[in-house]
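Student: The following block contains the structure, expressed as structure tokens.
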Amino acid sequence: MLYSLMEMSRAALLPWRAAANVTRRTLRSPLNPAADTLSGRATAAAADLFESLTRYYGKPEWGVSPADVDGHPVNVEIETVWSKPFADLIHFKRDRTALAKARGVKASEINDPKVLFVAPMSGHHATLLRGTVEAFLPDAEVYITDWTDARHVPVMEGRFDLDSYVQYVREMITAVGEDVHVVAVCQPGPPTLAAIALMAEDEDPCRPASMTFMGSPIDARKSPTTPNKLAEERPYSWFRDNLIHTVPAMYPGAMRRVYPGFLQLTGFINMNFDRHVDAHYRFFTHMVDGDGDSAEKHRQFYDEYLSVMDLTEEFYLQTIADVFQEHKLARGLMTVDGRPVRPETITDVALLTVEGENDDISGIGQTQAAHGLCAGLPDALRQDYIQKGVGHYGVFNGRRFREEIAPRMKAFMAEHAGRKSSGRKAA
């Protein structure tokens, strides 16, 4: 019912949004004498703000082409290399001729590492990692898990739970091939570690060369944050009875039970409500003052931030129960389709953990817990890093990620590349 009411309210606002668009365009026309007046600019800015707050935000474009390699543009083609109903695996295929020219080498000499980013399925689209991808494009063959909005998956395609997620991740690692470096950002930490543990126990030749976990709730009992406490304070039945709704008939996934993206977004905004109000006030004043650059930065951020996707009922509720309430992976109780997950069987996949000093989503120690679980790894294959001065988003995006975190990750991957060809045991 709530989902249908939300769609009805969006439809009811369409005429008002149309009027706001006409107003702002009219008042910004160079032919309108009111365009340069304070009242004209303020009215146009108010209309712009109303339009941005009431718009339906669809899935953003990647917009990563061309990539900048040492000051040279390199075209990037996005290709799908693996696909199932709930996810695509996409490859950012760089123009090797342009890449070779930028580096001053022959195309045949390019042998960049393969890096697979496991994007979070926690409300936002994989494009939230656009900056993460851009930081690695000059130096790596980049792949990413592009999860599908559950509202667009027909019910006939079946269910998708946390166990399904683990199987998807394993299949995508296999699709990329040997000696890949896997990076799990935030939510996918536990299922990605589970997938790699199963591969290690099976001595799967496609198990990765390294695994990096960034701001991940491997053990949410460590330094619990507001979302962690909420998950523990509320009973499982509360999440099931209050946060699960039915997709309306207008979408391909009609009648599928989901955790709607707009509810997740509401939770994110309420965590830092004052900050978001201040940001939109500054957006208004920038437009009134004619500061187009600052206003555009605001638009770019919120166009991404306000674009959300639905999660299947079974995936969301199993994640709440297994990861945030029962802590099954951390306690050695996690299973995938009935099979125990044993991280201690990982002996030759190098481990890097990255945390943010001011992370208010995954507190300090939650990601580091992976080291304790991977007891079979020698010290030479471990590294932990805490980035000072960043919150959750800064762990995988922004200036400090580009200048401090990404170089460390690349150096770690280079140090542990190609170990399989030099004696790693294979099945």
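The values are calculated or read from the model by the stated rules, or taken from the named source; none is laboratory data. Since this is a predicted model, take the numbers as computed values, not measurements. As a convention, Cβ positions derive from the backbone with ideal geometry for all residues, glycine included, and neighbour counts pool all protein chains shown.
To keep it simple, each residue is scored yes or no on (1) modelled with pLDDT of 95 or more; (2) part of a loop (DSSP other than H, G, I, E, B); (3) surrounded by fewer than 19 Cβ atoms within 10 Å (Cβ to Cβ); (4) not polar (S, T, N, Q).
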residue: Ile269; (1), (2), (3), (4): no, no, yes, yes
residue: Ala279; (1), (2), (3), (4): no, no, yes, yes
residue: Arg282; (1), (2), (3), (4): no, no, yes, yes
residue: Tyr302; (1), (2), (3), (4): no, no, yes, yes
residue: Asp322; (1), (2), (3), (4): yes, no, no, yes
residue: Leu329; (1), (2), (3), (4): yes, yes, no, yes
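Conditions (1) within 16 Å of Lys93 (Cβ to Cβ); (2) touching a helix residue (DSSP H, G or I) at 6+ places or on another chain (Cβ under 6 Å), marked per residue:
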site: Leu129; (1), (2): no, no
site: Leu137; (1), (2): yes, no
site: Met156; (1), (2): no, no
site: Asp161; (1), (2): no, yes
site: Asp179; (1), (2): no, yes
site: Leu198; (1), (2): no, no
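Student: Sticking with this one: Among what's in the stretch 48-84 and is of a type in the set (A, V, I, L, M, F, W, C) and at pLDDT below 75, pick the residue that is nearest to Gly292 (Cα to Cα).
Tutor: Leu49
Student: When you scan the stretch 120-141, how many residues do you find that are in a loop (DSSP other than H, G, I, E, B) and closer than 23 Å to Phe324 by Cα?
Tutor: 5
Student: Then there is this: Kindly indicate whether Arg170 is of a type in the set (D, E, K, R), within 30 Å of Ala98 (Cβ to Cβ) and in a helix (DSSP H, G or I).
Tutor: Criteria not met by Arg170.
Student: Still on this structure, please answer the following. Within the stretch 142-156, can one find any residue that is assigned by TED's automatic domain parsing to the domain that holds Gly189, in a loop (DSSP other than H, G, I, E, B), within 18 Å of the chain's Cα centre (by Cα) and farther than 30 Å from Ala254 by Cα?
Tutor: No - not one qualifying residue is present in the stretch 142-156.
Student: Name every residue in the stretch 331-350 that is closer than 19 Å to Met409 by Cα and in a loop (DSSP other than H, G, I, E, B), in order of residue number.
Tutor: Within the stretch 331-350, Asp348, Val349 qualify.
Student: Out of the stretch 29-67, which residues are under 30 Å from Ser9 (Cβ atoms) and of a type in the set (A, V, I, L, M)?
Tutor: Of everything in the stretch 29-67, those that are under 30 Å from Ser9 (Cβ atoms) and of a type in the set (A, V, I, L, M) turn out to be Ala42, Ala44, Ala45, Ala46, Ala47, Leu49, Leu53.
Student: Also, I was wondering about something else. Check the stretch 153-160 and report whether any residue there is at pLDDT 95 or above and basic (Lys, Arg).
Tutor: yes
Student: Of everything in the stretch 251-266 that's over 18 Å from Glu157 (Cβ atoms) and of a type in the set (A, V, I, L, M), which residue is modelled with the lowest pLDDT?
Tutor: Leu265
Student: For Asp139, are the conditions met, namely being in contact (Cβ under 8 Å) with a residue 60 or more places away in the chain, surrounded by fewer than 21 Cβ atoms within 10 Å (Cβ to Cβ) and closer than 23 Å to Ala209 by Cα?
Tutor: Yes; evaluated as a whole, the condition is true for this residue.
Student: Go through (1) within 24 Å of Ala417 (Cβ to Cβ); (2) at pLDDT 95 or above; (3) of a type outside the set (Ser, Thr, Tyr) and name the single condition Pro191 misses.
Tutor: All conditions are met except number (1).
Student: If Thr353 meets every condition in (1) under 17 Å from Val183 (Cβ atoms); (2) hydroxyl-bearing (Ser, Thr, Tyr); (3) part of a loop (DSSP other than H, G, I, E, B) apart from one, which number is that one?
Tutor: (3)
Matching residues to (1) of a type in the set (Lys, Arg); (2) in the same structural domain as Glu157 (by TED's automatic domain parsing); (3) surrounded by 15 or more Cβ atoms within 10 Å (Cβ to Cβ):
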residue: Ala18; (1), (2), (3): no, no, no
residue: Arg25; (1), (2), (3): yes, no, no
residue: Leu31; (1), (2), (3): no, no, no
residue: Leu38; (1), (2), (3): no, no, no
residue: Phe50; (1), (2), (3): no, no, yes
residue: Val74; (1), (2), (3): no, yes, yes
residue: Ser83; (1), (2), (3): no, yes, no
residue: Phe86; (1), (2), (3): no, yes, yes
residue: Phe92; (1), (2), (3): no, yes, yes
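Student: I would also like to ask the following. State all residues of the stretch 142-178 that are crowded, with 24+ Cβ neighbours inside 10 Å and free of Cβ contacts under 8 Å to residues at least 60 places away in the same chain; if no residue qualifies, say none.
Tutor: Across the stretch 142-178, the qualifying residues are Val142, Ile144, Thr145, Val169, Ile173.
Student: Let me ask you something else. Test of understanding: among Gly365, Gly338, Gly356, which residue is modelled with pLDDT of 75 or more, assigned by TED's automatic domain parsing to the domain that holds Pro235, small (Gly, Ala, Ser) and touching a strand residue (DSSP E or B) at 6+ places or on another chain (Cβ under 7 Å)?
Tutor: Only one candidate passes the filter, namely Gly356.
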